[in-house]
Structures are given as C-alpha cells and as structure tokens.
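Below is one structure; the comments refer to it alone.
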Amino acid sequence: MELHKITEDLSVAGQLDAADIPLIAAKGFRAVVCNRPDGEAVGQLPFGPIEAAARAAGMAVAYQPVPSNAVGDADGAAFGELLEELPKPVLAYCRTGTRCTILWALSQAPKQPINEIVQRAKAAGYDLTGLVPRLQNLFRP
C-alpha cells in the first residue's frame, strides 16, 4: 500500500485491501473514501469488506464510485463536499490514486490557483497538466 499525500487533510492510494485498514487507522486517518466502482476489474475487492474493516476501526467511510473514463465536474464538486464533511485526515482510493487526485483537483479549481493544484498533484506523483484547461474553466477568482 503506497500513500500519496496531496494536502494535510487528504492522501490518495491505489486499491486497498481490508487488511490495510488497521495500518491506515494507525497512521491517523479518520476517514476512507472509495472512488472505485465495484466490479471495475476482475478480482477487485469490493467496497463492502473495506467498509466493514474501516467501521470496525472506528473510521468514517464514504462510497463515491466514479468510472475512470467519466469523471465529471459534478463528481469533483461532490468529492469536495465529502472532504468538507468527513473527519480528517482522509484517505481516498481508486485503482491507482489518479482518479481521486483528479476529483480533488476538480473540487479545488473554483477555490485556488490552478498552478498550485497542479504542483500539489505533481509533488504527490500525479501529472495533471492535461487537465489544466478544464480546471481553468472552473476557476472563480
């Protein structure tokens, strides 16, 4: 399990296993968000066992499945609302962490300079330069 810190309140990861949850809780995470639809890949662990493990560890959980090829602006806004509501820090996961990072970027585009969003993503290992025009359309200075 490789965690990528986006902000003080948000890290992202690839697919989790229920056995990862105690380690995640021990690292201080208070919530888990799944952005990967169940059944996206053969052999993928569904959200249910991860949700059960997170609840057993006293963590908040949210399921916001978003197909990787159909991440919409409304999905980003909904992700931002989850981040505001959930106890922090939050760990969001999908297949590789990219989708979660894109959702975060979309949620932040109306609020902060695009270059800062792209730099934070890059520092975490995600290249969002191809998303810049879309983010610029959302920016509201």
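The values are calculated or read from the model by the stated rules, or taken from the named source; none is laboratory data. Small disclaimer: the values here were computed from a predicted structure and weren't measured. Positions of Cβ are generated from backbone atoms using ideal geometry, with glycine treated the same way; all protein chains shown enter the neighbour counts. Quick note on the areas: whole protein, heavy atoms, side chains included, nothing else; ligands and nucleic acids left out. Shrake-Rupley method; radii C 1.70, N 1.55, O 1.52, S 1.80 Å.
Given R₀ = 25 Å, what would the calculated FRET efficiency be for K27 paired with E116, taking r from the Cβ atoms and rounding to 0.05?
FRET efficiency, K27 to E116: 0.50.
About the Cα centre of the chain, how large is the charge dipole given +1 on each Lys and Arg Cβ and -1 on each Asp and Glu Cβ? Please answer in debye to the nearest 20.
260
How high is the FRET efficiency between K5 and T129 when r is their beta carbon distance and R₀ equals 30 Å, given to the nearest 0.05?
Here the calculated transfer efficiency is 0.90.
Averaged per residue, what accessible surface does the chain expose to a 1.4 Å probe, in Å²?
Per-residue accessible area for the chain comes out at 49 Å².
Which angle from 0 to 90°, rounded to the nearest 10, does the C-alpha axis of helix 47-56 make with the longest principal axis of the chain?
That works out to roughly 70 degrees.
Does anyone have the angle between helix 98-108 and the longest principal axis of the chain? Alpha-carbon axes, 0 to 90°, nearest 10?
Around 50 degrees separate the two axes.
Among 100-110, 57-67, 9-19, how do they line up by average Cβ neighbours within 10 Å per residue, starting with the highest?
100-110, 9-19, 57-67
Please work out the Cα center distance from the range 96-141 to the range 65-94, rounded to the nearest Å.
The range 96-141 and the range 65-94 have Cα centres spaced 13 Å from each other.
Using only the alpha carbon atoms of the chain, find the Kirkwood hydrodynamic radius as the inverse mean reciprocal pair distance, in angstroms to one decimal.
Result for the chain, one decimal place: 15.0 Å.
Would you check the chain for Lys pairs whose C-alpha atoms are within less than 17 Å, ignoring same-chain pairs closer than 8 in sequence, and give me the count?
Lysine pairs satisfying the spacing and distance rule in the chain number 4.
Using 0.36 nm times the number of residues separating Q136 and A19, minus their current alpha carbon distance, what extension gain do you get?
Between Q136 and A19, full extension yields 38.2 nm more.
To test your reading of the geometry: what angle, between 0 and 90 degrees and rounded to tens, separates the Cα axis of helix 73-85 from the longest principal axis of the chain?
So the helix axis and the longest Cα principal axis differ by about 60 degrees.
Farthest toward the dipole's positive end in the chain, which of A26, A124, L91, given Cβ charges of +1 (Lys, Arg) and -1 (Asp, Glu) about the Cα centre?
Sorting the options by dipole projection puts first A124.
Please give the contour-minus-distance gain from A56 to S68: 0.36 nm per residue of separation, less the Cα-Cα distance, rounded to one decimal in nm.
1.4 nm
Per residue, how big is the convex hull of the range 32-114 when only Cα atoms are used? Give it in Å³.
With only Cα atoms used, the range 32-114 gives 90 Å³ per residue.
Using a 1.4 Å probe on the protein chains only, how many percent of the accessible area of the chain belongs to carbon and sulfur?
Carbon and sulfur atoms account for 52 percent of the accessible area of the chain.
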